[in-house]
Amino acid sequence: MLILDEEEIVIEANTTVCNILNVSKQDLINKKIMDSGVVFLNEHYTEKRHQTINQLQEKGKVTNEEFKITLKNGQEKTVLVSKEYLKIKDQTRVLVTINDDTKRKETAEILASQFNELQKTNSELDSFVYSASHELRAPLSSVLGLIQLIKMEGVDPKLYQHIDMMEISIERLDSFIKDIIEYSRNKHKNIDFEPINFNTLIEQSLESFWYLENSKKIKIDINIDDKEQFVSDSKRVSVLLNNFISNAIKYHDLNKESPFIHINVKTSKKEAILVVKDNGVGIEDVELERIFEMFYRVSSKVMGSGIGLFIVKEVIAKLKGTIDVTSKIGQGSTFTITIPNESGKL
């Protein structure tokens, strides 16, 4: 801190300000700080300083300014300066508080530079992952096509079993790559609002999972009450339905007399509530807390990447929705998703 008289001559200075300016107290007392040869300002800050003085004298306000200064030894610093004019026994005094902001400013600049570099790296990495994923799917589709041709031509039963194993492995890899693409799309694609036709989305989802083992043995009930038009991002809602329906099929329990999946949808002006319920194998309480973690899988016996429900969580967050899960081992699971109706943004 400094105390100046009305001519801005230093009449008192504490130890800290001397340390900041790298001078002794004697170098400051009875001198104007800017004319003492201790501190130098460039033209921009000199003009700024005069404006501040005029503002203080005219309006009597406290001012807070940031200055870049050069000390007598050539060292550059960034300081925060607070000034206040006071009347003490008919005498004008200026109370000046100086805070050395150099390290914080330097750190902030370094962090800003690192943040920009990190953003650039992340953008390049995301672009690479997305492009590479698309490129990888093409040869996998070709291999799957060749496997189908081999099966049609008729092969040795032992070889047929090996081909089946190859097909399962390729489908698992293809599913994982599709999940990566969905994650990348959700992260970078803008939300595209449009009216949602739940009948169409659910039918498309069910058609895409016809190949899953024993899917035809599961009774699927669909109940849709969408009298109120619902608006959201169709592609993202489709991702949600695909994940919940495929999981309900994969984790079915064919030991039950009548395995089922119930899909209920109800729309209102406020929101849409989607409920997917099954009587499959269920999930333990300990695992319920982890099912939305990336790469976490409830069972290694079921084909999957362990990224599906992580993507679901990210999609729901993007749509500003919520999800609730209840499950019991041996009885099944119920997923309840609530998504805001964005009809006002259409």
Exercise for the section: Could you list, in sequence order, all residues of the range 135-160 that are loosely packed, with under 13 Cβ neighbours inside 10 Å and within 45 Å of the chain's Cα centre (by Cα)? Expected result: Glu135, Ala138, Pro139, Ser141, Ser142, Gly145, Leu146, Gln148, Leu149
Practice task
Search the range 270-282 for residues that are free of Cβ contacts under 8 Å to residues at least 60 places away in the same chain and pair each with any residue that is charged (D, E, K, R) and surrounded by fewer than 19 Cβ atoms within 10 Å (Cβ to Cβ) when their beta-carbon atoms are under 7 Å apart and the residues are at least 6 apart or on different chains.
Solution key: Asn279/Asp253; Asn279/Lys256; Gly280/Asp253; Val281/Asp253; Gly282/Lys328
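Considering only the range 81-127, state which residues are among the aromatic types (Phe, Trp, Tyr) and either surrounded by 11 or more Cβ atoms within 10 Å (Cβ to Cβ) or assigned to a strand (DSSP E or B) (or both).
In the first step, residues of the range 81-127 are kept if they are among the aromatic types (Phe, Trp, Tyr); the result is 85, 115.
Correct list: Tyr85 only.
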Handout entry: Tally, over the range 320-346, of residues that are touching a Ser or Thr at 6+ places or on another chain (Cβ under 6 Å) and either loosely packed, with under 15 Cβ neighbours inside 10 Å or touching a residue at least 60 places away in the same chain (Cβ under 8 Å) (or both)
Key = 7
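Of the residues that sit in the range 200-211 and are surrounded by 12 or more Cβ atoms within 10 Å (Cβ to Cβ) and not in a loop (DSSP other than H, G, I, E, B), which one is modelled with the lowest pLDDT? Steps first, answer last, please.
In the first step, residues of the range 200-211 are kept if they are surrounded by 12 or more Cβ atoms within 10 Å (Cβ to Cβ); the result is 201-206, 208-209.
Subset that is not in a loop (DSSP other than H, G, I, E, B): 201-206, 208.
Details: Leu201: 91, Ile202: 91, Glu203: 90, Gln204: 87, Ser205: 85, Leu206: 85, Ser208: 77.
Selected residue: Ser208.
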Problem - Tally of residues being surrounded by 13 or more Cβ atoms within 10 Å (Cβ to Cβ), free of Cβ contacts under 8 Å to residues at least 24 places away in the same chain and within 54 Å of the chain's Cα centre (by Cα) across the range 18-33 - result: 3
Handout entry: Filter result (in contact with a Phe, Trp or Tyr (Cβ under 6 Å, 6 or more places away or on another chain) and over 21 Å from Ile218 (Cβ atoms)) within the range 230-272
Key = Val231, Thr267, Ala272
Handout entry: Among (1) modelled with pLDDT under 80; (2) surrounded by 15 or more Cβ atoms within 10 Å (Cβ to Cβ); (3) under 27 Å from Glu106 (Cβ atoms) - the single one Glu47 does not satisfy
Key = (2)
Exercise for the section: Give me a count of the residues in the range 237-278 that are surrounded by fewer than 21 Cβ atoms within 10 Å (Cβ to Cβ) and not in a helix (DSSP H, G or I). Expected result: 19
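The values are calculated or read from the model by the stated rules, or taken from the named source; none is laboratory data. What you see is a predicted model; the values in this text were computed from it and never measured. Backbone-built Cβ (ideal geometry, glycine too); neighbour counts: all protein chains shown.
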